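A quick write-up on the structure given underneath.
The values are calculated or read from the model by the stated rules, or taken from the named source; none is laboratory data. Quantities reported herein were computed from a predicted structural model and do not represent experimental measurements. With ideal geometry, Cβ positions are generated from the backbone for all residues, glycine too; neighbour counts draw on all protein chains shown. Quick note on the areas: whole protein, heavy atoms, side chains included, nothing else; ligands and nucleic acids left out. Shrake-Rupley method; radii C 1.70, N 1.55, O 1.52, S 1.80 Å.
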Amino acid sequence: MDLALCIIFSSSLFVIFKLFNNYKIQTLYAIITNYFIAFLFSIFFYNGKLNLIEITEKEWFIPTVCLGLLFLTVFYITARTSQEIGVSVASVASKMSLVIPVMTGVLVYKEDISTFKIIGIVLSLIAVYFASLKDKTITVKTGTLVLPILLFLGAGLIDTSIKYIQTTYVPKNEFSLFCAVVFGSAGIFGVLFISIRSYKVPLKINFKNVLGGVCLGFFNYFTLFFLLRALQNDVFDSSSIFTINNVAVVLFSTLLGILLFKEKLIPKNWIGIGLAVISIILVALF
């Protein structure tokens, strides 16, 4: 259930970014607002006592603050990719990065990996490639092609970092507190960035930006929360979780792109979807 909810909330993020473009919402301001909203959700769902000094003394505090900066950067790249190239390409680029945390799980955490699971992981990479192909009549600026590459690397680093910090430092009862530090630090870094930039571009409070950030923050918080819970399950190891989650998000976000934004699929995209389904079955069952 945790994994299914993570997939739903994660897929919704790509749709929200696309809607930002449609409704002329300024992405950077909405993203920064989103992190403070997600921070408030994290504090609300934390059952322990809050002591700022104790929090800063926890082993996971400094790595988590750094993770917050990475969150802000990759989230902005995700938004740019969704808006300039498309929802399906953004989801594929970020979720194709599953190879990075999967290999980390095998090499660092010595997780078992069967022949069927290896085949499933390879098929998942092929699947996301086919799912990302566009009709030749659709043109994409050459300069924007660097966005999916940066998104691939950044998303893989985030997933790997989450797994490492969650496994090494963070007990289950501190998940919400961990989320609060990630989101809070990302928001603070964002405020610092726009404050510095305000010397050239004056700040303007816009209700649409705030409303977009509130919506994004809700989905963003639960995406991370349910991913952390899914990684704690006793049925699947992290390599399986990341593979199933990432491929399923590609499938679901592609479906949403078709239904909501009339994005068209070519035959190779359907091949990718079929391979994705097979890869999920191999990874989940074997």
* So, in the stretch 212-270, of the ones that are open to solvent by 60 Å² or more (accessible area, probe 1.4 Å) and among the charged types (D, E, K, R), which residue ends up nearest to F17 (Cα to Cα)? -> K262
* Before we move on, is I205 of a type in the set (V, I, T), modelled with pLDDT under 80, surrounded by fewer than 20 Cβ atoms within 10 Å (Cβ to Cβ) and farther than 30 Å from K110 by Cβ? -> yes
* What single numbered condition from (1) modelled with pLDDT of 85 or more; (2) touching a Pro at 6+ places or on another chain (Cβ under 9 Å) fails to hold for G212? -> (2)
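Okay, residues lined up against (1) assigned to a helix (DSSP H, G or I); (2) over 25 Å from S42 (Cα atoms); (3) touching a Leu at 6+ places or on another chain (Cβ under 9 Å):
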{"site": "Y199", "(1), (2), (3)": "no, yes, no"}
{"site": "G213", "(1), (2), (3)": "yes, no, no"}
{"site": "R229", "(1), (2), (3)": "yes, no, yes"}
{"site": "I241", "(1), (2), (3)": "yes, no, yes"}
{"site": "L259", "(1), (2), (3)": "yes, yes, no"}
* Please identify the pairs in which a residue from the stretch 96-110 that is within 17 Å of F236 (Cβ to Cβ) has its Cβ atom under 7 Å from the Cβ atom of a residue that is among the acidic types (D, E), counting only partners at least 6 apart or on another chain. => P101/D159; G105/E111; G105/D237
* Taking the residues in the stretch 17-64 that are in contact (Cβ under 8 Å) with a residue 40 or more places away in the chain and among the hydroxyl-bearing types (S, T, Y) as candidates, determine which candidate is most open to solvent (accessible area, probe 1.4 Å). => Y23
* Residues of the stretch 93-116 classified as touching a Phe, Trp or Tyr at 6+ places or on another chain (Cβ under 6 Å) and either surrounded by fewer than 17 Cβ atoms within 10 Å (Cβ to Cβ) or over 28 Å from F261 (Cβ atoms) (or both), total -> 4
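Determine if the stretch 8-24 includes at least one residue that is within 20 Å of L211 (Cα to Cα) and not in a helix (DSSP H, G or I). Give the steps one after another, and end with the answer.
Taking the stretch 8-24 as the starting set, the residues that turn out to be within 20 Å of L211 (Cα to Cα) are 9-24.
The next check asks that each one be not in a helix (DSSP H, G or I); those that pass are 23-24.
Yes: the stretch 8-24 contains one or more residues that are within 20 Å of L211 (Cα to Cα) and not in a helix (DSSP H, G or I).
In the stretch 75-92, what count of residues is obtained for those that are aliphatic (A, V, I, L, M), open to solvent by less than 10 Å² (accessible area, probe 1.4 Å) and under 18 Å from L216 (Cβ atoms)?
Of the residues in the stretch 75-92, 3 are aliphatic (A, V, I, L, M), open to solvent by less than 10 Å² (accessible area, probe 1.4 Å) and under 18 Å from L216 (Cβ atoms).
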* To do: Determine if the stretch 178-199 includes at least one residue that is open to solvent by less than 60 Å² (accessible area, probe 1.4 Å), at pLDDT below 90 and among the hydrophobic types (A, V, I, L, M, F, W, C).
  => yes
* Asked: Which ones in the stretch 134-173 are surrounded by 14 or more Cβ atoms within 10 Å (Cβ to Cβ), outside any helix (DSSP H, G or I) and modelled with pLDDT of 70 or more?
  -> Y169, V170
